[in-house]
1. Per residue, what accessible area does the stretch 304-385 have, given a 1.4 Å probe and all protein chains present, in Å²?
2. Of the labelled options [x] 37; [y] 22; [z] 27, which one gives percent of Cα pairs over 41 Å apart as computed for this structure?
3. How many Å² of accessible area per residue for the stretch 89-157, probe 1.4 Å?
4. At 0.36 nm per residue, minus the direct Cα-Cα distance, what do K333 and A273 gain on full extension? Give it in nm, one decimal, please.
5. Mind giving me the nanometre distance, one decimal, between the label points for R455 and D467, set 7 Å out from Cα along Cα→Cβ?
6. Taking the Cβ of R455 as the center, what net charge do the other residues with Cβ under 14 Å away carry, scoring Lys and Arg +1 and Asp and Glu -1?
7. For the chain, what relative contact order do you get, as a whole percent, if you take Cα pairs closer than 8 Å and at least 6 residues apart?
8. Provide the packing ranking of 341-352, 416-427, 195-206, i.e. peptides ordered by the mean count of other C-beta atoms within 10 Å per residue, highest first.
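The values are calculated or read from the model by the stated rules, or taken from the named source; none is laboratory data. Here the structure is a predicted model, which is why all the values come from computation and not from measurement. Note that we place each Cβ from the backbone using ideal geometry, even for glycine, and neighbour counts take in every protein chain shown. For the accessible areas, the whole protein counts, side chains as well, though only heavy atoms, and no ligand, DNA or RNA atoms are used. Shrake-Rupley method; radii C 1.70, N 1.55, O 1.52, S 1.80 Å.
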Amino acid sequence: MALSLYMSPAEGQGFLRAKGRIIVNEKGEKVILRGMGLGGWMLQESYMLRAGSIGQQHRIKEKIAELAGQEKTDQFYQGWLDNHTTKTDIDSMAAWGFNSVRIPMHYRLLTNDKGFVMLDSLLSWCRTNKMYLILDMHAAPGGQGNDLNISDRDPSKPSLWQSEANQQQMIALWKTLAERYANEPCIGGYDIINEPNWGFEDSADRRGTAEKTNAPLKKLMMDITKAIRGVDKRHIIIIEGNGFGNNYRGVLPPWDDNMVLSFHKYGNFNTEASIRNFLDLREKYNIPLWLGESGENSNTWFTEAIRLVETHDIGWSWWPLKKMGSNNPLEIKVPQGYQHMLDYWSGKGPKPTEKEAQNALDELLVAVRCENNIYHRDVTDAMFRQVYSDEAIPFKQHIIGDAPTTTIPAVEYDLGRQGVAYFDRDSASYQYTPGVKTQGNRGRVYRNDGVDITRDSIGYHIFSIEDGEWLQYTVDVKKEGEYKIVTDTTGAGQISIYVDGKLMPVAGTHLSAGRRRIKVFADKGGFLFYTLHFRRD
């Protein structure tokens, strides 16, 4: 298993195809797709920009134009498409272990050359890195559901399901894409419609979770398949059920012999029972599964979910690569000027001048580039190494003994699984599980483990510490001797410190040269933890 994990980059084995219950390459070898969705690039969702109250992309554009003017807004969006995702992003993903990319497309960009130029560039970057590119129609003509943000839908206009013209445009777009990429082996597949969520039989069923037949959805997907197969016989066609990719009632059996069933998974438990319905569909219809979208949780949840699906020969694509937030590989820093715009939109600050708004947009175009993002190594470590390893490794190297006192920030505890590198009583969010009120990471800054980290004028520190929680620090002792280990904390609480599993005396302990494991244990919580000091006597 560990060997297969580190053979992540696609080795140029040609077209993928469905073979029974697995995906294989042209050599007939099983392929586990390990991917990331490029959310926020061709289609903005407001929460990724911390502008959640605004809504769809077209409304964000309107708000920006009110402040910066239409000309500057148009320039900004051109710059956004040019800067959000570049070759550096894809090179980085390949280096971290990803072997595939899911690109969420906005149909509007495919009505002119811009969208195809972007896809061609992305494909060339993937080809260079021997990665598969999966095309995902994320925003369909008219919008495919009642979740307006994911498809940039304008509810004052006919949806995809209320307009024959919209459906025909959708079919035509897929035919054009298939014609263009029919002979391209680095295209992994066509994810033909993202997260439909619509009540066909009952309009009150806004999420489409109760739909019994899904007849319009099946018909459209079959029509798209027919159009694709008229020009492209080789690529996998990926289908998604109603209810955000999860309601397949009435959709199956498959109508094509090279088809993959996608499901999406957020905020539920990582048990076999949570995916049993899809495993049963795979068995019944002899069709591969793909976890086409997941994420937006803690590292603990990521490790558990990926291990669960890979155990069942199911590949995955996480969401998203980057946004303004810490629970993804890359975090976009929030420029000060842009924060002022957010404050104004939320009623917390004055209106920026046109010049201030224009400057803020320029700053944002710099911040969005990969080389200016914050890389969260803890996230990718949880998605790859921790899936198959229960070893803790240092977050940063800490050398003890070079100076009379060595200080380690509390937030630089080891990288590793819950219960191995740290223990937190609330380590994941199960927001879609009725009756479960966990939050996972309460601070949502710096790192994405269950450990609660926040920031004040002093710096990052750990808070909301409960009885029995602990953190481990791996240190390299360069100079053997007597040391006192002191924690810098505020608030009530009781702490014990263990060195290589042995309780350290209050007066201090002898540290032998070499690698040591230090555990800070909260006998009683309720304190803030800032730093850990090693003082040599």
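1. Using a 1.4 Å probe on heavy atoms only, each residue of the stretch 304-385 averages 38 Å².
2. This structure yields the entry labelled [z].
3. 30 Å²
4. Contour length minus Cα-Cα distance gives 17.8 nm.
5. So the two model labels end up 3.4 nm from each other.
6. Net charge in that neighbourhood comes out at +1.
7. Taking the mean separation of contacting Cα pairs over the length of the chain, I get 13 percent.
8. Per-residue Cβ counts within 10 Å, averaged per peptide and sorted highest first, yield 416-427, 195-206, 341-352.
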